[in-house]
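Okay, so here's the structure we're looking at.
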């Protein structure tokens, strides 16, 4: 059989038995640039609402082990099919900590406190439904398939949110807690700005200063890991006693932002 005849036969078979288009769960899931995602969010919210789904917004990066692990789990065929039934999924690339805040603030979170950050959103009002569990999924690689299935497929997120809304926290105390979180998020954003070029160098330059990066990374990590816990503790205290002033935590200033002793002279 000639080469031309073979090619003709292959084309005929492809026309007769076309290869199915790759579905989302067959392809490699990737975090997409925030600049591309932001203009699509309104449409995706409307789509989720029309299909009676929740919005799942995950912010991560390719350099983050846990972010990669989350996508690997999400891509497993059985879980992927079940997730698609319940969620409209949005994957946002925070790059080297330069992006992501525009997405989180859209959903009542002043900043992400780790990667990956997995937000479950009510598309009808853009409310964040799983705030108490945000830090859990920054350790996504630590959870097995059963934990993923239990959390993402069985948790009644709307019920949790409704219970939170019924709490007896006064508006004044709620505002005080919001102010506290926004202040810490603003400080963390400054920390991210300082850390970002160090992280980029760490990931791409074999000659980068590892010691400086590790020191800054660990200090920022300690700070960001505490914010949600303190916010939840303040909410708990406000529910238990609405008459007493809240004891607002205070944090040390980032050491890498303090002026050097030589600069003070």
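The values are calculated or read from the model by the stated rules, or taken from the named source; none is laboratory data. Owing to the predicted nature of the structure, the values given are computational and were not obtained by experimental measurement. Using ideal geometry, Cβ is built from the backbone for each residue, glycine included, and neighbour counts are taken over all protein chains shown.
Contact list please: Cβ distance under 7 Å, first residue in the range 238-265 and under 14 Å from residue 177 (Cβ atoms) and assigned by TED's automatic domain parsing to the domain that holds residue 190, second residue surrounded by fewer than 10 Cβ atoms within 10 Å (Cβ to Cβ) and modelled with pLDDT under 90, pairs at least six apart or on different chains.
Filtered contacts from the range 238-265: 239/168; 242/168.
Within the range 137-145, identify whether any single residue is modelled with pLDDT under 95, assigned to a helix (DSSP H, G or I) and either touching a strand residue (DSSP E or B) at 6+ places or on another chain (Cβ under 7 Å) or under 21 Å from residue 177 (Cα atoms) (or both), and answer yes or no.
Scanning the range 137-145 turns up no residue that is modelled with pLDDT under 95, assigned to a helix (DSSP H, G or I) and either touching a strand residue (DSSP E or B) at 6+ places or on another chain (Cβ under 7 Å) or under 21 Å from residue 177 (Cα atoms) (or both).
Determine whether residue 171 is under 20 Å from residue 110 (Cβ atoms) and exposed (fewer than 13 other Cβ atoms within 10 Å of the Cβ).
For residue 171, the condition - under 20 Å from residue 110 (Cβ atoms) and exposed (fewer than 13 other Cβ atoms within 10 Å of the Cβ) - is met.
Give the residues of the range 69-108 that are in contact with a helix residue (DSSP H, G or I) (Cβ under 8 Å, 6 or more places away or on another chain) and farther than 30 Å from residue 190 by Cα, sorted by residue number.
73, 74, 76, 79, 80, 82, 83, 86, 87, 88
Taking the range 110-136 as the search range and keeping residues that are over 11 Å from the mean Cα position of the chain (by Cα) and part of a loop (DSSP other than H, G, I, E, B), which one is surrounded by the fewest Cβ atoms within 10 Å (Cβ to Cβ)?
Per the stated criteria, the residue is 125.
Looking for whichever is assigned by TED's automatic domain parsing to the domain that holds residue 147, crowded, with 16+ Cβ neighbours inside 10 Å, on the phi > 0 side of the Ramachandran plot and at pLDDT 95 or above here; the options are 97, 56, 70, 83. Which one fits?
Testing whether each residue is assigned by TED's automatic domain parsing to the domain that holds residue 147, crowded, with 16+ Cβ neighbours inside 10 Å, on the phi > 0 side of the Ramachandran plot and at pLDDT 95 or above leaves just 97.
Only one of 197, 259 is at pLDDT below 90 and farther than 22 Å from residue 131 by Cα; which?
Testing whether each residue is at pLDDT below 90 and farther than 22 Å from residue 131 by Cα leaves just 259.
Taking the range 234-254 as the region of interest, how many residues are closer than 30 Å to residue 97 by Cα and at pLDDT below 95?
Within the range 234-254, residues that are closer than 30 Å to residue 97 by Cα and at pLDDT below 95 number 8.
Within the range 224-233, identify whether any single residue is under 15 Å from residue 194 (Cβ atoms), modelled with pLDDT of 95 or more and not assigned by TED's automatic domain parsing to the domain that holds residue 111, and answer yes or no.
Within the range 224-233, one or more residues are under 15 Å from residue 194 (Cβ atoms), modelled with pLDDT of 95 or more and not assigned by TED's automatic domain parsing to the domain that holds residue 111.
Just need a number here: residues in the range 83-109 that are within 12 Å of the chain's Cα centre (by Cα), over 21 Å from residue 200 (Cβ atoms) and in a loop (DSSP other than H, G, I, E, B).
Qualifying residue count, the range 83-109: 2.
For residue 175, which of the numbered conditions (1) within 28 Å of residue 128 (Cβ to Cβ); (2) at pLDDT below 90; (3) part of a helix (DSSP H, G or I) fails to hold?
Tallying (1) within 28 Å of residue 128 (Cβ to Cβ); (2) at pLDDT below 90; (3) part of a helix (DSSP H, G or I), residue 175 fails exactly one: (2).
Taking the conditions exactly as written (part of a loop (DSSP other than H, G, I, E, B), modelled with pLDDT under 95 and either loosely packed, with under 14 Cβ neighbours inside 10 Å or not assigned by TED's automatic domain parsing to the domain that holds residue 102 (or both)), does residue 62 satisfy them or not?
The answer is no for residue 62.
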